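The values are calculated or read from the model by the stated rules, or taken from the named source; none is laboratory data. All of these numbers come straight from a predicted model, not from anything done at the bench. All Cβ positions, glycine included, derive from the backbone under ideal geometry; neighbour counts span all protein chains shown. Calculation scope for accessible area: heavy atoms of the full protein, side chains included, ligands and nucleic acids excluded. Shrake-Rupley method; radii C 1.70, N 1.55, O 1.52, S 1.80 Å.
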Amino acid sequence: MSAAYATFGLAPAMRAGSVLADGGYQIHRDFLDFVVDGRPLLLQLSDLDAVSPLASDLPPTIFTEQVHSLLLEGEAPLPGGRYVLYGCPECADPGCGAVTALIERDGDDYVWRDFAWQTSEDVDLERNGYRGTGPFRFRGEEYRAVLRSLLEGPEPGPARRRVLLIGARVALLARLAAALRTIGVGADITRDAHGVPADELRRYGAVAFGHTVGEAERAAVRAAFDGAGLEVGYVDARVPIVPLLVARIEHALDRSPTEQRRLARLVTADGEARIEVVAPCRVRLTAYRLDRLSRTRARDVFDGVLDAGLHRIPLDARVVRGRSHLVARTSSEVLVETADP
């Protein structure tokens, strides 16, 4: 086992929720990812749709138990001293598969090793091990300080996983609020934010403006959040396409550091979409538009695994005719771009 030390940290991460064109949906999850030597561990594994045990929507008691478990202050949850590092974002059922590792003490150090994909109590390292990942040796003082800081701060919770929808309670905002709640994102509709106490504004991570909201009203809302010292993402909800607006809001809610995201860039030019990714991952590209009868049209343009780098994807003129909107997604990030004819 290597005696070299790795640094240990945590960073906010997100499993992006979505409303799918076929009526299905994916749940939004906020969690803390493990950062090893300055890079999220999830990016060092094969492309996974998974979350760590340090999820913000866990009850405080269970969250605390997860922290104590990682500190080895109790029995290992799996045979052989193995711990779950990433699990299913929808149900957390071990049968769906999980990334596990052996965590042990070596003197004052903590060592993570024998990473594997596990679907039962037994693990086959030869068949399902993550070769080339770990072992990682962490200095005990740093490791304990990072994890124990979670026990000393405010109780974890989905405080910023809410969206404030500004505008009249018309059909679009009502449908948008319902879609957000379906994927686990809270939503409230109000005419303005005038007089709302700062403690209430702190509940929101994003604000979406309906098409009836004028510039003066928008400026007043921004001033209210600025006055409370809060940084939120702002979304223009003029285009009446609910899955597209959900994607814009998911992007606005993303608090993960920019340099630690898989999906770096999405632009359209010369009849093609240009997508830049920083680590191999599955990318789904969907085009949305309104037809002449104002009905939503959705079409999957690309769905596949991309290696790190810049990729050019041709856009069929029949798919993006008129003003279309492209949504690029990985399991954790969303980018939206308008494709003008």
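Given the options Arg248, Arg238, name the one that is touching a residue at least 24 places away in the same chain (Cβ under 8 Å), under 14 Å from the mean Cα position of the chain (by Cα) and either under 22 Å from Leu172 (Cα atoms) or loosely packed, with under 15 Cβ neighbours inside 10 Å (or both).
Of Arg248, Arg238, the one residue that is touching a residue at least 24 places away in the same chain (Cβ under 8 Å), under 14 Å from the mean Cα position of the chain (by Cα) and either under 22 Å from Leu172 (Cα atoms) or loosely packed, with under 15 Cβ neighbours inside 10 Å (or both) is Arg248.
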Restricting the first residue to segment 80-98 and requiring it to be under 18 Å from Ser18 (Cβ atoms), which pairs with a second residue that is open to solvent by 50 Å² or more (accessible area, probe 1.4 Å) meet a Cβ separation below 7 Å and a spacing of at least six or different chains? Cys88/Cys96; Pro89/Asp49
Can you tell me which residue within segment 99-136, out of those that are within 23 Å of Arg39 (Cβ to Cβ) and in a loop (DSSP other than H, G, I, E, B), is modelled with the highest pLDDT? Pro135
So the strands (runs of 3 or more DSSP E) completely within segment 137-225 holding 3 or more residues that are modelled with pLDDT of 90 or more, of a type in the set (Gly, Ala, Ser) and open to solvent by less than 30 Å² (accessible area, probe 1.4 Å) are 206-210
Is there a residue being hydrophobic (A, V, I, L, M, F, W, C), open to solvent by 20 Å² or more (accessible area, probe 1.4 Å) and part of a strand (DSSP E or B) anywhere in segment 44-60? no
Could you go through segment 87-98 and let me know if any residue there is over 23 Å from the mean Cα position of the chain (by Cα) and modelled with pLDDT under 90. no
So is Arg162 at negative phi and touching a His at 6+ places or on another chain (Cβ under 7 Å) or not? no
Matching residues in segment 180-207 - criterion: being under 25 Å from the mean Cα position of the chain (by Cα) and under 17 Å from Gly167 (Cα atoms): Leu180, Gly186, Ala187, Asp188, Ile189, Leu201, Tyr204, Ala206, Val207
What residue, among those in segment 257-275 that are of a type outside the set (A, V, I, L, M, F, W, C) and buried (at least 17 other Cβ atoms within 10 Å of the Cβ), is nearest to Leu165 (Cα to Cα)? Arg261
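Hey, does segment 23-41 have a residue that's in a helix (DSSP H, G or I) and modelled with pLDDT of 90 or more?
Yes.
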Only one of these conditions is not met by Glu231: (1) under 19 Å from the mean Cα position of the chain (by Cα); (2) surrounded by 13 or more Cβ atoms within 10 Å (Cβ to Cβ); (3) without any contact (Cβ under 8 Å) to a residue 24 or more places away in the chain. Which number is it? (2)
Considering only residues that are more than 22 Å from the chain's Cα centre (by Cα) and crowded, with 21+ Cβ neighbours inside 10 Å, which ones fall in segment 316-334? Val320, Ser324
Among the residues of segment 72-97, write down those that are assigned to a loop (DSSP other than H, G, I, E, B) and under 15 Å from Arg113 (Cα atoms). Leu72, Ala76
For segment 126-136, what are the residues that are open to solvent by 70 Å² or more (accessible area, probe 1.4 Å) and of a type outside the set (Lys, Arg)? Glu126, Gly132
Find all pairs meeting these conditions: Cβ atoms under 8 angstrom apart; at least six residues apart or on different chains; first residue within segment 26-41 and closer than 15 Å to Tyr5 by Cα; second residue modelled with pLDDT of 90 or more and not in a strand (DSSP E or B). Val35/Thr7; Val35/Leu41; Val36/Ala6; Val36/Thr7; Asp37/Ala6; Asp37/Thr7; Gly38/Thr7
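When you look at Thr286, is it assigned to a strand (DSSP E or B) and over 22 Å from Asp49 (Cβ atoms), yes or no?
So Thr286 fails the test.
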